[in-house]
Each structure stands twice: as structure tokens, then as C-alpha cells.
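*Asks:* Right, I'll just put the structure down here and ask away after.
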Amino acid sequence: MSTPTWKNPIVQWVDHRLPIVTFLDHAIVKYPTPRNLNYWWNFGSLAGLILVIMIGTGIILAMSYTPHTSMAFDSVERIMRDVNYGWLIRYLHMNGGSMFFIAVYIHIFRGMYYGSYKEPRELLWIIGIFIFFAMMSTAFLGYVLPWGQMSFWGATVITNLFSIIPFFGESIVQWLWGGFSIDNPTLNKFYSLHYLMPFVIFALVFVHLWALHTHKSSNPLGIEVKGDEDEIPFHPYYTAKDAYGVGLFLIFFLGFTFFAPNFFGEPDNYIEANPLVTPTHIVPEWYFLPFYAILRAVPDNFVDVWGILPVIISAKAAGVIAMFASILLLLVLPWLDTSKVRSAKFRPTYFWLFWLFVIDTIILGFMGAKPAEGTFLLIGRLATAYYFLHLVIFIPLVGKFEKTKPLPESISAAVTAGGSDAKEGS
Amino acid sequence: MFKKILIVAFVFALFSSINAGPLQAAEGAAHPASQEWTTDGLFGFFDRKQLKRGWQVYSEICASCHSVRLVYYRHLEEIGFSPDEVKKIAAEAEVAAGPNEDGETHNDGELIVRPGKPFDKIVSPYPNDLAARAANAGALPPDLSLMTKARKNGANYLHALLTGYKEAPADFKLTEDMNYNPYFPGSQIAMGEPLSDDGVEYADGTKATVDQMSKDITAFLVWAAEPELEERKRMGVKVMLFLIIFTAMLYAVKRQVWAKLH
Amino acid sequence: MADTASTAEGTANGSSDDSHDDTKRDFLLYSTIAVGAAGTVMAAWPFIDIMNPSKDVLALASTELDISSVEEGQSITAIWRGKPIFVRRRTAKEIETAQATELKDLPDPEADKDRVKKSQWLVMIGVCTHLGCIPLGQKSGDTKGEFGGWFCPCHGSHYDTSGRIRKGPAPKNLPIPPYKFIDDTNILIG
């Protein structure tokens, strides 16, 4: 790697000792990027931006928040009422959480549609799923802090999931609580961890980017970059495109923040936590709903019917295992998918399967918000079954039997030949 | 084309699913009719005359049972009371004076009190929840400071509830000491009908009908729950205008940068 | 960021555009950067202002004090903005001593009449100007120092009946807070 000579003597002096300018030049300026990335590729950097916004607003909020059961709710309301612009920062943080999940869900589905997780980007995908997991725990921990009814009861329900662990369950739950129910020690602990987790995510994002920059971005055609004519430097092309995406995103994000700040929230969380009264419907935040539906979908008698070690795994355990499995399965998706072709553009059957899977997760989301009874429960069960069928059966089989469309010769050939790809790229 | 439709359907479905949670929370209760509120919409604002009337309804009627414990007397300046008026309002209340020079908080068992000051919280009718229950046949009158945010469709719900008292239908089994109100979950509520025509005498001459008072108290409670609402929406409009222009510029830059490529 | 960006743009892309396009593009680019920078600066303000004193803190920034029960020769201590306020109803003798003191005898020359609004009432912030201890002299049993006012036990600063430094390491007189008499028996500090 030759060191470029920088015209500015100060830059040159620094770069000679700490090649940070060269590093940035390679990573975000000259960084060769496929020329045909479409707008779905904006959501990765967008998620990174939201992470920064969340950390920024979070640190500021921590300056005025009190993690004590008797003061937490009131301290949040003091932020909303008396602290200068406290309402703005708090609503940014609240809605930023939802925006983070919207961006990351689109990012994940994009990876699925275009087969971005395939060789040699398996580890990139796996690190991404770790980030998703870390985000979910951060969001869960953070939701407890305002100490509203949903905070309290959501925390109670989720921490109780760990009681299914054989032999040690009870002790683990008590360890999580630091007591015999969700109480002040729990709140203190969650506050500390909620402050820690974003930095764990930040580190994971760094590793994610490292892996990305090793094999570079995938692209909508899913074919390898063949030569220089397939690539363009990240700057100014994708910096300009990302900046435009950020503008659109901010309109969406701040639209909610200023005009419907509680759209994604639950009214019950504006009632202070009361350990003696459970809200009629405990509903998690929207981004957990599909997984919540899977948790509740497993029938009580499931274990007996299948006779799988009923002593160790109770029915409740089966639901919890299903929920964790639904996420953990994504880790092995690169190996479940046997197709050599990446992009759904050239996989007519997978194209349909993909959209069915998207619709399935949305149905799961709906069912997660409904009481687990009657028709809702039945639909929830069917959707859960399909979720696993898709990942475990359909994806491996389709890869084997699907007749894929012919792949274009190269990215530049496809772009110059015109058609939808060129349009998406512009 | 087909793909575009799918995407639109996806986004639409996503947002409906987000809304699906809160929507079904109102089960077992009549759907409240939508009223017009000045705080609605992009340009929502507070009608300060109405808020003052709402404060009058609160302090003369609701305050005998319900607290607004997150609101301070000094906040009343924001709805149009002068600092001197706020001082007078605050001074009518008695707050615990705290320990005196000898460290006593009570004198012969009586709490030592001082007149309220603007920096005090609006004094609650009961010292704690147990006292509140004891005074209300076991029912707890909830704190009202966040009421419109803590209920789905809060403002319309409150207005519907306050104007919705009726005779119970013949087939409805009403528990003793309860009142029939179809807008309350379960259709029976411990609170008796709080408002009656001319229950208060408005200083500004507005006719104090039940409907008018319900609207005024609801508007006041919307303010109590979201005192930042007006500032938030005003700032929001400016921010949106800025972002639309800025994003258009970013789009133009993007077009120019990419134009070279084709 | 914009700096590195524009440098590298020059190095990476060479100059394939003609100069007319360049000017047009530069204008759009720079005005967009300017608008973005302005937006960023405006967006930064809430993040800075949030650390300023909040409304509930400001509401306590002024303290009303009822002084009707203070007898001549007595002092009371109130708290204002987290600091002790010394209010002393001085005796005729104390006033006389304070007024008679020559300015040249003072390390921090200040006439007594400039330190009081009504000569009977001395209102000061009771924090020693040396290193921030609270001087003695408020209670009747306290040592009042060599000049009959206040005495700081930390490093031995003596203040007179006007709260002026007379002896010891403290460099300044005890400061006077902003205050006014609302009526004869109430003062508003702050």
C-alpha cells in the first residue's frame, strides 16, 4: 500500500505518524463500490446514523434521568416539562428506537432478497444478526427505564422467560432481578446495561464494516465485480446518494417526532408502574411483535404430542425455544440457502417465497398485538409454522430445484444495456 | 411495477400492524366520537381562554378528588395567568412547611403548613393513595396530569366519558355504588356524574353547559399532559420546511453527481 | 469531513468535466453544504441548552424571606441557590462602627452604605471569599472574630459588622446578593 502524499503539510504530518487520513480515504472516499446499488442499499448507513443519534440523545437524557423506582417516572416527566428542550431529546430517543428497527428490518430483508449473506459474506451476515440481537436487548432494557406500566410488566414477562431453564431457572431470574420481583435493583441494573449496550453495538458495527470492506458490498444483480468498469468510488457517488437518503429519512423521522411522537408507543406507559395492577393487554413494542407471536403460538400440549423430553422442556419452554430459534435460525441462513444464485431477480420461485415470508412476518406482527385466543391464535400458529417451514424446508429445497434465469455477463454490461437496473442506479 | 405495488403494500401493512396494538385496547367500551380540538393537526395550538376555563372546572370540581401531581403552580403562567395571579392561586393551598428550626414537622399532631408558592406542585386532594381510596369507597381517583396521553384517543375519550353518563339498560347488571357509562371499559364507573349544567360560573361569560365544561376540562388536561405541544408543533413546521428544501437540494446534488456516470 | 471529501474528489476523479459544468456544480454543492451546516448548527442548540438550568431550577432561583421575626442583634440564615444567605438586623452600635471605619483600613475598600439597602439590615452571601468555608457569627454563642462580625474557622479570616474582610487570608468582602425589599418585612433575594 503506497502512502499518498497529501498536499496539506499538517495532514501529511499527521498521516505519516497515524495514517488515519489514508484509512478514511480508502474506507469512505476511494472505496470501490458496485455501480448499480439501488436505494435499498441506503439503509445500512442510515442505521449507523440512527445509532449515533441514539447514543447522542441517550447520553443527554442520562444527565437528567434518575434510575430509582420512586423517582424514575417523575424524572422522565421533569425532562418532558421543565428541562430545556427535554421533550425534544426524549421524543427523538423514543422515536429513534422505532426508526432504528425500521431501518434494520429493511436492511435485513434487503439482504434476504438479494442473497447478500452468501459466500463470502456469511460472517458479515452473522455479525449483523448479532447486532440485531444486541439492539433487541438494548431496546428492551431501555423500555423499562421510564417505569410506566408497560415498562414494568414487559420486564416482568420477559425476565420470567428465563425461568424455563432447567434446574437453574429460578436462580437466574432472581439474579436478573437482584431480588424477588422487578424492583429497584432491577431498574438500576437495567439502566447500567442500557448505557453499556450501545457501545457493544458500536463495536459490533465496526466489525460488521470490517467484514464488509474485506469483500465489499454485494449488489442487486448478485454477481461478482469483474473489473474496474463495474465499480465507482464511494465518494462522491454514494456519499451524495446516502445524503439524499438521510434527508428523506429525517423528514420521516422528525415528522413522527414533532407531530405524532407517541404513535409507536403505548398509552399505558404514561401510567406509573404499579406492581399490584397488570394492564389488560400486555403488548411489547411493535418491533418485538412477530417474535412475541411466535412465543405465544406454541400450544400447551405440543410437547406431549411430540414427546420430546417432556421432563426437561415444559410447554412454556417450547414457546421460548421457538422464539429464540426463530432468530438463531437466521444465523445459519447462509448454509440453509443452497442456491448458487444470489439475487431474487434471477430466482423466480424464491422471489415469491421471499414476499410470502415478508407477509408472514407482518401477519405475525399483527397477531403479536392481538390476544392469544381463538382465530388470532390459530392464525398466529399457522404463521409461526410457515416461518419455520420457509427457513428450514423451502429455502434449502428451492435452492436445489429452482430453474434460475440467466445471469448477466457483468454489472457494467447490465447497466449499459439499460433496463431497470440502470434506472435504479441513477 | 408489480414490485412497487408489493413495496407499497408492505409499508402500508407495516404501519397498520404498528397501529394494531393500541387499537384493540378499547374493547368492551363504546367508541368515543371525535371532537374538534385546537391542539389537533400540524398547526395545533392552545386556546388559552379555554385552558383557563378548564383550570376553573378542574379546581372547582375535579380537584376535590383528582390530583394533577406533575403540574406546578408556576406552570399556570403558561396558560395565561399573570405571575401575581399564580401567586394568589398558590397561596390558597397549604403545603407542608417542612421541619422548623427545632426540627419539628408537626405541632401537637397537626402538620405545620405554609401557604403554597409558585414553585410548589399543585396540591393533591389526598396525602396518598390509601387515603384516596378510603375516602372514595375503595375506588382510587386517578391522577389526571397525563390522563389524555395515558388513554387511547385520550381527548375524545375523556370528553365522551364526561358527557356519556346514562341510565343503565334494563338488562345491565350494575354493581352497587357504580354508575353506568358505556365509554368506560366494562361500562360501569365508580365516579358519579361530575358535571351538571352551570356547575361552574365562567368568568368570561361562556355558558357552562356539560358539553362546554367537558371540552374545557379536556383541553386543560391535554395541556397538562403535553405542555410542550404548541412549541413542538410550531418548531416541527419550521423543521419540516427546512428539511424539504434541504432534501430537494441534496437530490439535485445527487442527480448532478450521478449524471457524469451515464 | 467535507474537507477530506473535496480533496479526495479532486484526486480521485481527475477533471473530466468542462469548466462550465464545474462552476454550476460547485455552486449547488457549496450552497447545499452551507444549508446543511446551518441546519446542523441549529440542531445543536437543543443539545447545548438542555444542560442550562431547567425551569424548575430557575423557579427556585429567587427566594422570598420573611424577616419580621428577627430581633435587633439577631441573625438568620436562609438558603438561596444552594448557598447560605446571612441576614443580620444590626444594632445601632454595629451600624455606627461599620460606618465609622475608614476605607484605608480595609483590604477591599467599600463603604458600609454601599453594602446595605437599609442600614439596619445586612444581607450577604455567607461564603468565605478565601476558600469557600461558612464563617461563624450567626448564632449568639458563635465567636465573631476580632471585629465583632464574622470569623471563618478554616483559615482565620475576620469580617467586620459590615461583612468586610479585615484580617486573615480572604481577599474580598463577603459578597452581597441581588435582593430587594418587597415591603418592610419581606425581602426577595435573586
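The values are calculated or read from the model by the stated rules, or taken from the named source; none is laboratory data. Everything numeric here is computed off the predicted structure, so don't read it as measured data. No Cβ is skipped: glycine too gets one built from the backbone with ideal geometry, and neighbour counts run over all protein chains shown. Each accessible area value is taken on the protein alone, full model and side chains, heavy atoms only, with ligands, DNA and RNA left out. Shrake-Rupley method; radii C 1.70, N 1.55, O 1.52, S 1.80 Å.
*Asks:* Within segment A:127-175, track down each residue that is within 16 Å of A:MET54 (Cα to Cα), among the hydrophobic types (A, V, I, L, M, F, W, C) and in contact with an Asp or Glu (Cβ under 7 Å, 6 or more places away or on another chain).
*Replies:* A:ALA139
*Asks:* Could you check segment C:89-126 and list, in sequence order, the residues that are closer than 26 Å to C:THR185 by Cβ, open to solvent by less than 40 Å² (accessible area, probe 1.4 Å) and within 21 Å of the chain's Cα centre (by Cα)?
*Replies:* C:ARG115, C:VAL116, C:LEU122, C:VAL123, C:MET124, C:ILE125, C:GLY126
*Asks:* Can you give me the number of residues within segment A:1-52 that are open to solvent by less than 40 Å² (accessible area, probe 1.4 Å) and assigned to a helix (DSSP H, G or I)?
*Replies:* 14
*Asks:* Can you spot a residue in segment A:154-169 that is crowded, with 16+ Cβ neighbours inside 10 Å and in contact with a Gly (Cβ under 7 Å, 6 or more places away or on another chain)?
*Replies:* yes
*Asks:* Same structure again: So which of A:ALA293, A:ALA240, A:ALA260, A:ALA273 ends up being free of Cβ contacts under 8 Å to residues at least 60 places away in the same chain, closer than 30 Å to A:LYS370 by Cβ and open to solvent by less than 40 Å² (accessible area, probe 1.4 Å)?
*Replies:* Step by step, each of A:ALA293, A:ALA240, A:ALA260, A:ALA273 is checked, and only A:ALA260 is free of Cβ contacts under 8 Å to residues at least 60 places away in the same chain, closer than 30 Å to A:LYS370 by Cβ and open to solvent by less than 40 Å² (accessible area, probe 1.4 Å).
*Asks:* Among A:SER116, A:SER151, A:SER181, which is the only one that is open to solvent by less than 20 Å² (accessible area, probe 1.4 Å) and not in a helix (DSSP H, G or I)?
*Replies:* A:SER116
*Asks:* Restricting to segment B:53-78, and then to whatever is away from every other protein chain (no Cβ under 14 Å), assigned to a helix (DSSP H, G or I) and of a type outside the set (Ser, Thr, Tyr), can you tell me which residue is farthest from A:MET80 (Cα to Cα)?
*Replies:* Result: B:GLU60.
*Asks:* Still on this structure, I have one more. Suppose the filter is in a loop (DSSP other than H, G, I, E, B) and open to solvent by 60 Å² or more (accessible area, probe 1.4 Å); does B:ASP177 pass it?
*Replies:* yes
*Asks:* Across segment B:121-167, what is the total count of residues that are assigned to a loop (DSSP other than H, G, I, E, B), touching a helix residue (DSSP H, G or I) at 6+ places or on another chain (Cβ under 8 Å) and over 19 Å from B:GLN212 (Cβ atoms)?
*Replies:* 11
*Asks:* Taking the conditions exactly as written (under 28 Å from B:SER214 (Cβ atoms) and charged (D, E, K, R)), does B:LYS87 satisfy them or not?
*Replies:* Against the criterion (under 28 Å from B:SER214 (Cβ atoms) and charged (D, E, K, R)), B:LYS87 does not qualify.
*Asks:* Please state which one of B:ALA97, B:ALA160, B:ALA139 is under 25 Å from B:GLY199 (Cα atoms) and away from chain A (no Cβ under 14 Å).
*Replies:* Of B:ALA97, B:ALA160, B:ALA139, the one residue that is under 25 Å from B:GLY199 (Cα atoms) and away from chain A (no Cβ under 14 Å) is B:ALA160.
*Asks:* Still on this structure, I have one more. Within segment C:20-36, identify whether any single residue is modelled with pLDDT under 85 and within 22 Å of A:VAL246 (Cβ to Cβ), and answer yes or no.
*Replies:* yes
*Asks:* Among the residues of segment A:337-370, how many are open to solvent by 30 Å² or more (accessible area, probe 1.4 Å) and aliphatic (A, V, I, L, M)?
*Replies:* So the answer is 3.
*Asks:* Look through C:ASP184, C:ASP142 and report the one residue that is more than 25 Å from C:LEU103 (Cα to Cα), at pLDDT below 90 and surrounded by 14 or more Cβ atoms within 10 Å (Cβ to Cβ).
*Replies:* C:ASP142 is the lone residue from the list that is more than 25 Å from C:LEU103 (Cα to Cα), at pLDDT below 90 and surrounded by 14 or more Cβ atoms within 10 Å (Cβ to Cβ).
*Asks:* Also, quick follow-up: If a residue has to be open to solvent by less than 30 Å² (accessible area, probe 1.4 Å), of a type in the set (Gly, Ala, Ser) and more than 8 Å from chain A (Cβ to nearest Cβ) to count, how many in segment B:209-262 make the cut?
*Replies:* 3
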